[in-house]
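The values are calculated or read from the model by the stated rules, or taken from the named source; none is laboratory data. What you see is a predicted model; the values in this text were computed from it and never measured. With ideal geometry, Cβ positions are generated from the backbone for all residues, glycine too; neighbour counts draw on all protein chains shown. These accessible areas exclude ligands, DNA and RNA; they are computed on the full protein's heavy atoms, side chains included. Shrake-Rupley method; radii C 1.70, N 1.55, O 1.52, S 1.80 Å.
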Amino acid sequence: MYKASAVKLAGGNSLWNRLKEQKWLFVLMLPAFIATLLFSYGPMFGMYMAFTNYQPGGGTFLHQFFGAEFVGFKWLEYFFTTGDFYRIMRNTLATSLLTLLFGFPAPIILALMLNEARQGFFKRFVQTVSYLPHFISWVIAANIVITMLASDGMFNNLLVLLGIVKEPVAFLQNGPLFWWIIALSNMWKEMGFSAIMYLAAISAVNPELYEAARVDGASRFRQMWHITLPALRPTIVILGILAVGGILNAGFEQQYLLQNNTVLEYSEVIDIYAYKYGLQNSMFSYGAAVGMFKSVVAFILVVIVNRISRKVNDQALF
């Protein structure tokens, strides 16, 4: 018993010493920790609204919030039974799966190509051009997409000039095409910035591995396949898990800015639906229930994919 207490005390002193030695690192981490508590965990108490019939009125906010009628799963049942559920889920999943199909491998391919580039100026130029769209707001990016895909836009002019089509195509007035436009727009905007993480992982590869492979006569493709890609596997797994977890996060700004009355049947995803009913129609509890449904599904997907990844290749997020 004495030995156990001594070990525990020694461990506690050791931990305390480490905390004292690294106190400035914890001080630097403190603002991010406080911001996470305030803006990520603090608002989670608002999920209670999804189980009540909240309507703003007289009195303080807390009195109205906790004094609202408790209705249980009424709003979730309403969401599942309404005719909008199938349409909203169809649009959300179609957009997200297409974005995942194009947007997930694109930065990996770009990082591999940039790693193989030998001309320094060309490599820096491509990196800069591919990074820039990430820093452009969706308001500007949506206007660029609308201008390029207009009937007299550059894309239609090119198709007519090459003889692929005889008349301009109304891309933004075609419902099923809208999903592809959103997915490709997301890929174009985030591809370069997402490639940074893969380039950082590639830079950590020991150059001696490439030298040994060249001595053995391996081509550049073989070096990429057997050295670079295995080095990227942990990063790919982690980002893949997060991407699958965000499968219902089809976006808000891009759909809201690119949609029009002719494609509303295909453009309304779960975020826009929650915004429309929660804020525009003042059905706050219903909007909260829809948002909570999306969060719960995302959490379940992350846990499932993480467990599968751990069993398949012994790599996981947690």
- Query: With contacts defined as alpha carbon pairs under 8 Å and 6 or more residues apart, what's the relative contact order of the chain in percent?
  - Reply: 24 percent
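How long are the semi-axes of the equivalent ellipsoid of segment 184-303, taking √(5λ) for every eigenvalue λ of the Cα gyration tensor, in whole Å from largest down?
Values: eigenvalues 377, 55, 19 Å².
They are 43, 17, 10 Å, listed from largest to smallest.
Looking at the P(r) of segment 28-88, how many percent of alpha-carbon pairs lie beyond 20 Å? Working shown, then result.
Values: 938 of 1830 pairs.
So the portion of pairs separated by more than 20 Å is 51 percent.
Summing +1 for each Lys or Arg and -1 for each Asp or Glu, what net charge is found among the other residues whose Cβ lies under 13 Å from the Cβ of V215?
On the way: positive: R214, R222; negative: E208, E211, D216.
Combined, the nearby Lys, Arg, Asp and Glu give -1.
Helix by helix, which DSSP H runs in the chain go 18 Å or more along their axis at the Cα atoms and have an average Kyte-Doolittle hydropathy of 1.6 or more? Please list the in-between numbers first.
Numbers: long enough: 2-21 (28 Å, -0.51); 23-36 (19 Å, 1.72); 84-103 (27 Å, 0.61); 175-203 (42 Å, 0.97); 229-245 (23 Å, 1.85); 284-313 (43 Å, 1.14).
Qualifying helices: 23-36, 229-245.
Let me know the charge dipole size of segment 197-318 about its Cα centre in debye, to the nearest 20, where only the beta-carbon of Lys, Arg (+1) and Asp, Glu (-1) is charged.
Value, rounded to 20: 320 debye.
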- Query: When only alpha-carbon atoms count, how far does segment 85-208 stretch along each of its three principal axes, as whole angstroms with the largest first?
  - Reply: 55, 42, 26
- Message: Please state the shape class of segment 229-293: rounded when a/c is under 1.5, otherwise prolate if a/b exceeds b/c and oblate if not, all from the C-alpha gyration tensor.
- Response: oblate
- Note on the structure: Carbon/sulfur accessible area of the chain, % of total, 1.4 Å probe, equals 69 percent
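So for segment 65-157, what are the equivalent ellipsoid semi-axes in whole Å, largest first, each being the square root of 5 times an eigenvalue of the Cα gyration tensor? Could the numbers behind the result be given before it?
Numbers: eigenvalues 351, 79, 48 Å².
Values for segment 65-157, descending: 42, 20, 15 Å.
Please calculate how many Å² of accessible area the chain carries per residue, with a 1.4 Å probe and no DNA, RNA or ligand atoms counted.
Details: 19860 Å² over 318 residues.
Heavy-atom accessible area per residue stands at 62 Å².
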- Message: Which aspartates and glutamates, if any, have their Cα less than 12 Å from the Cα of K294, not counting same-chain residues under 8 positions apart?
- Response: D271
- Item | Area accessible to solvent at E253, 1.4 Å probe radius, in Å² | 100 Å²
- Task: Mind giving me the nanometre distance, one decimal, between the label points for V297 and L62, set 7 Å out from Cα along Cα→Cβ?
- Result: 3.5 nm
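Just want to confirm a number: the relative contact order over segment 232-318, from Cα pairs under 8 angstrom separated by 6+ residues, in percent. Each step should come with its number before you reach the end.
Numbers: 74 pairs, mean separation 31.9, N = 87.
This gives 37 percent for segment 232-318.
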- Message: For T52, what residues show an amide H to amide H distance below 5 Å, using hydrogens built from the backbone and excluding near sequence neighbours?
- Response: V71
- Note on the structure: Total charge of the residues flanking Y256 in space, meaning their Cβ is under 11 Å from its Cβ, with Lys and Arg +1 and Asp and Glu -1, is -2
- Kirkwood hydrodynamic radius of the chain, Cα pairs, Å: 24.0 Å
- Considering the chain as a Gaussian network with a 10 Å cut-off on Cα pairs, which listed residue, F102, F178, F221, attains the greatest mean-square fluctuation? F221
- Note on the structure: Descending accessible area (1.4 Å probe), largest on the left, turns T99, T262 into T262, T99
